[in-house]
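Asks: Below is one structure. I have some questions about it.
The values are calculated or read from the model by the stated rules, or taken from the named source; none is laboratory data. Keep in mind the model is a prediction, meaning the values are calculated, not measured. As a convention, Cβ positions derive from the backbone with ideal geometry for all residues, glycine included, and neighbour counts pool all protein chains shown.
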Amino acid sequence: MENPYIPYPVRIDDIEIATEDKSLKTFKFVFLNAGDEEKFSYQAGQFAELSIPGVGEIPIGIASSPVEKGFVKFTVFRTGVVTSYLHNMKVGDIMGIRGPLGNWYPWDKLENKNVVIIGGGFAFTTLRSSIVYMLDPGNRSKFKNIDVVYGARSSGMLLYREELYEWEKRSDINMHITVDGTDDPNWKYHKGFVPQIVEQNAPTADEDTYAIICGPPIMIKFTQPSLAKLGYKEHQIIMSLENRMKCGIGMCGRCNIGKELVCKDGPVFTLEQINQTPKEY
């Protein structure tokens, strides 16, 4: 068994500024050693630890999709020591990736179902991975209708803007893009908070419809009643508790909610599972 604490060495292959305030950057990594990419076999919804020797490591959701080969991508918010150091690194610099870690969205269960993707802010990373996975020509026929509700504070804070607009042009996915508010006279999408847009635009639920939510805790909290009004049962609401991720393998114990270790048993849970734990979320 390989040591789960030892990261795979990777090289920064590309860096993109993801938002207009430059607080988020998307890093594209390639593996240095042949075979490491195959060992880093992941599913949409999982995360990894980005590791910088002598600085530390951070848990981040994987933004690339399993159908995208030859690299992995992560979108990182500059918020602390490790993320600030990473934001100052350059193309060609060497660091490490430990993982993949955690569980993933239940793709087998979601086959032949309608899927509603709901995201807010910079937590859209694993949802970007999921959309790319579902829209892949080899996978699109596995799913029925796909709806996406994604919001940010402003248009300049939306992630993956070019992809969002390309997805909007497609006939096999329904995009509902929103911002909290804007004075831009050319803004042609929704204005309002994500829960409001969900209630107004998401499809009503039947037994073949599931919702996946990833975003700030406050957004998740207020989206749940909106989905309930549309008929979604607790087992049909799938949540990613990424903000609780810590060491990645459930050893430090800092991610627990009752007996559940988010790093090991999650970060993906249904609302039904969450409601069986202490009311911490």
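Asks: I'd like the residue in region 89-99 that is farther than 19 Å from Ala34 by Cβ and aliphatic (A, V, I, L, M) and, out of all such residues, is surrounded by the fewest Cβ atoms within 10 Å (Cβ to Cβ).
Replies: The residue in question is Val91.
Asks: Would a scan of region 238-251 turn up a residue that is exposed (fewer than 14 other Cβ atoms within 10 Å of the Cβ) and touching a residue at least 40 places away in the same chain (Cβ under 8 Å)?
Replies: No - not one qualifying residue is present in region 238-251.
Asks: Let me ask you something else. Among Pro137, Pro203, Pro185, which is the only one that is touching a residue at least 24 places away in the same chain (Cβ under 8 Å) and not in a helix (DSSP H, G or I)?
Replies: Values: Pro137 fails: touching a residue at least 24 places away in the same chain (Cβ under 8 Å); Pro185 fails: touching a residue at least 24 places away in the same chain (Cβ under 8 Å).
Of Pro137, Pro203, Pro185, the one residue that is touching a residue at least 24 places away in the same chain (Cβ under 8 Å) and not in a helix (DSSP H, G or I) is Pro203.
Asks: Just for region 263-281: of the residues that are part of a helix (DSSP H, G or I) and in contact (Cβ under 8 Å) with a residue 24 or more places away in the chain, which one is nearest to Thr125 (Cα to Cα)?
Replies: Cys263
Asks: Among the numbered criteria (1) over 30 Å from Asn174 (Cβ atoms); (2) modelled with pLDDT of 85 or more, which single criterion is violated by Glu272?
Replies: Just one mismatch for Glu272, condition (1).
Asks: Can we say Gly102 is surrounded by 20 or more Cβ atoms within 10 Å (Cβ to Cβ), small (Gly, Ala, Ser) and either over 19 Å from Thr126 (Cα atoms) or out of contact with any Ser or Thr (no Cβ under 7 Å at 6 or more places or on another chain) (or both)?
Replies: Judged against the criteria, Gly102 is a match.
Asks: Here's another thing I want to ask about it. So Asp208 passes all but one of these: (1) out of contact with any Gly (no Cβ under 6 Å at 6 or more places or on another chain); (2) closer than 21 Å to Glu111 by Cβ; (3) surrounded by 21 or more Cβ atoms within 10 Å (Cβ to Cβ). Which condition number does it fail?
Replies: If we test Asp208 against (1) out of contact with any Gly (no Cβ under 6 Å at 6 or more places or on another chain); (2) closer than 21 Å to Glu111 by Cβ; (3) surrounded by 21 or more Cβ atoms within 10 Å (Cβ to Cβ), just (3) comes out false.
Asks: Oh, and also: Before we move on, is Ile197 modelled with pLDDT under 95, buried (at least 19 other Cβ atoms within 10 Å of the Cβ), aliphatic (A, V, I, L, M) and in a helix (DSSP H, G or I)?
Replies: Taking the combined requirement at face value, the residue does not satisfy it.
Asks: Next question. Under the condition of being among the small types (Gly, Ala, Ser) and part of a helix (DSSP H, G or I), which residue from region 215-262 is nearest to Leu158 (Cα to Cα)?
Replies: Filtering region 215-262 for residues that are among the small types (Gly, Ala, Ser) and part of a helix (DSSP H, G or I), the one nearest to Leu158 (Cα to Cα) comes out as Ser226.
Asks: Of all residues in region 105-125 being part of a loop (DSSP other than H, G, I, E, B) and within 17 Å of the chain's Cα centre (by Cα), which is surrounded by the most Cβ atoms within 10 Å (Cβ to Cβ)?
Replies: So, considering only residues that are part of a loop (DSSP other than H, G, I, E, B) and within 17 Å of the chain's Cα centre (by Cα), the one surrounded by the most Cβ atoms within 10 Å (Cβ to Cβ) is Tyr105.
Asks: Please go through region 94-104 and pick out each residue that is under 15 Å from the mean Cα position of the chain (by Cα) and assigned to a strand (DSSP E or B).
Replies: Pro100, Leu101
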